[in-house]
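Step one of this worksheet: look at the structure below.
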Amino acid sequence: MVRDPAVDTVIDKWRAHWPEWPLAEPFVPPLHRERALAWFALRDELTHAAWSGSDPRPGEAKLAWWGEELQGWRKGARRHPLGNVLQPLPAAWSTLAWSLPTLLASRERAGDTDEAVRVIEPFAESVAGVSQTVFGSGKPAPMENVALGLLAERVLEGGDAAAPLEFVAKAGEGAAPDAAARACAAELLARWPAPHDGSVAGRLHASLVRERLQRFAKGGVAGRPLPAWRALLTSWQAARR
């Protein structure tokens with residue numbers, strides 16, 4: 001497990017968002033557990049910068065910093081604590097850096113789901129490629145599935161503000177809170193099969209996201225963690241695929 005206090009501090013923020021992970025982690029190969037925590041914490045840092053807050057400028061500045069940081073990782077330099085775990089791995093950090101503008105663009109409300117997928121595709125493709133290297137998986141997760149998983153995280157975090165315009169229009173004026181977001185969640189689920197291929201860690205994380213999305217689509221609270229039994233069963237099923 002991670003013992004560097006600086007790394008732990010960053011990872012703890014991600015753990016707070018995903019308290020189910022200790023139930024999933026035993027299914028991850030021991031060699032990959034530390035890097036899984038660091039990788040998901042990095043993804044969280046990037047997506048939080050892109051999507052959070054009412055003013056996009058702080059997130060834009062943060063992503064610009066991350067772009068420089070990831071370019072530095074390619075050259076052997078690192079400033080952020082997560083680099084202590086991830087930078088030595090021979091992943092395409094430059095490609096991830098170059099894709100950050102498309103992640104930032106995904107903050108803007110899309111017209112429909114197809115547009116939302118197209119906008120975030122370059123970032124999703126780079127995420128799939130880096131994950132393949134980080135975990136040494138033979139076959140990467142399908143890029144579209146990664147994109148749908150990212151959009152699922154977006155709608156779970158942003159609610160109606162993250163739903164494409166088509167769902168806002170269908171919900172109509174005076175709709176109940178999260179009506180557009182729940183309709184968007186249902187559409188994402190219809191397009192997103194149970195996670196397969198790619199690394200075990202990636203499948204586990206995606207399956208937990210998908211399970212939360214299913215509960216949200218049926219009326220649950222977006223940020224509520226899964227019950228322990230559900231998280232364990234979901235993780236066991238994902239690890240077997």
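Note down the relative contact order for the range 65-203 as a percent, whole number, built from C-alpha pairs under 8 angstrom at least six residues apart.
Rounded, it is 22 percent for the range 65-203.
In deg cm²/dmol and to the nearest 500, what is the mean residue ellipticity at 222 nm of the chain if only DSSP H runs of at least 4 residues count, each as -39500 (n - 2.57), divided by the residue total?
Counting only the DSSP helices, I get -21500 deg cm²/dmol.
Please work out the C-alpha center-to-center distance from the range 207-227 to the range 1-62 and express it in whole Å.
Each part's Cα centre sits 19 Å from the other's.
Pop out the Kirkwood hydrodynamic radius of the range 1-127 from its pairwise C-alpha distances, inverse of mean 1/r, in Å to one decimal.
Its Kirkwood hydrodynamic radius stands at 15.5 Å.
Can you run phi through the Karplus equation (6.51, -1.76, 1.60; θ = phi - 60°) for the range 104-115 and list ³J(HN,Hα) in whole Hz, with x for Gly and Pro?
Coupling constants for the range 104-115: 4, 5, 5, 5, 5, 5, 7, x, 8, 5, 4, 5 Hz.
Using all C-alpha to C-alpha distances in the chain, build P(r) with 10 Å bins and read off the rounded percent in each one.
Over the chain, the share of Cα pairs per 10 Å bin runs 8, 32, 39, 18, 3, 0 percent.
When the convex hull of the Cα atoms of the range 151-241 is projected onto a plane and the area is averaged over all directions, what value comes out in nm²?
With every direction weighted equally, the projected area is 5.7 nm².
Would you please classify the overall shape of the range 52-127 from the alpha carbon gyration tensor, given that a ≥ b ≥ c denote the square roots of the eigenvalues, rounded means a/c under 1.5, and beyond that prolate means a/b larger than b/c while oblate covers the rest? Provide the component values of the computation, followed by the final result.
Details: a/c = 3.11, a/b = 1.67, b/c = 1.87.
It comes out oblate by the Cα gyration axes.
Which residue, Ala141, Ala171, Ala41, tops the fluctuation ranking in a GNM of the chain built on C-alpha contacts under 10 Å?
Ala171
Roughly what angle does helix 5-17 make with the longest principal axis of the chain, taking Cα atoms, 0 to 90 degrees, to the nearest 10?
So the inclination is approximately 20 degrees.
For a quick check of your reading of the filter: which GluC sites (Glu not before Pro) in the range 169-213 sit in a DSSP loop and have no more than 15 other Cβ atoms within 10 Å?
Glu173
For the range 20-68, what is the convex hull volume of its Cα atoms per residue in Å³?
Enclosed volume per residue, from the Cα hull, is 74 Å³.
Quick one: the Cα spread of the range 123-204 along its three principal axes, in angstroms, biggest first?
Result, largest extent first: 49, 19, 17 Å.
Counting only C-alpha contacts under 8 Å and six or more residues apart, can you give the relative contact order of the chain as a whole percent?
Taking the mean separation of contacting Cα pairs over the length of the chain, I get 20 percent.
Taking springs between alpha-carbon atoms closer than 10 angstrom, which of Leu31, Leu148, Leu189 fluctuates most in the Gaussian network model of the chain?
Largest GNM mean-square fluctuation: Leu31.
Relative to the present Cα-Cα distance, how much length would full extension add between Leu31 and Asp8 at 0.36 nm per residue of separation? The partial results should precede the final answer.
Values: separation 23, 0.36 × 23 = 8.28 nm, distance 1.73 nm.
Answer, rounded to one decimal: 6.5 nm.
Can you give me the C-alpha center-to-center distance between the range 68-144 and the range 152-188, rounded to a whole angstrom?
The distance from the Cα centre of the range 68-144 to that of the range 152-188 comes to 26 Å.
Any chance you could look up the accessible area of Asp4 with a 1.4 Å probe, heavy atoms only, rounded to 10 Å²?
60
Between Ala180, Ala169, Ala128, find the one with the highest GNM mean-square fluctuation for the chain; connect C-alpha pairs within less than 10 Å.
Top of the fluctuation ranking is Ala169.
Just for the Cα atoms in the range 84-156, what are the lengths along the principal axes, largest first, rounded to whole Å?
Reported extents, whole Å, longest axis first: 39, 22, 19.
The values are calculated or read from the model by the stated rules, or taken from the named source; none is laboratory data. Here the structure is a predicted model, which is why all the values come from computation and not from measurement. Backbone-built Cβ (ideal geometry, glycine too); neighbour counts: all protein chains shown. SASA here: full protein model, heavy atoms, side chains in, ligands and nucleic acids out. Shrake-Rupley method; radii C 1.70, N 1.55, O 1.52, S 1.80 Å.
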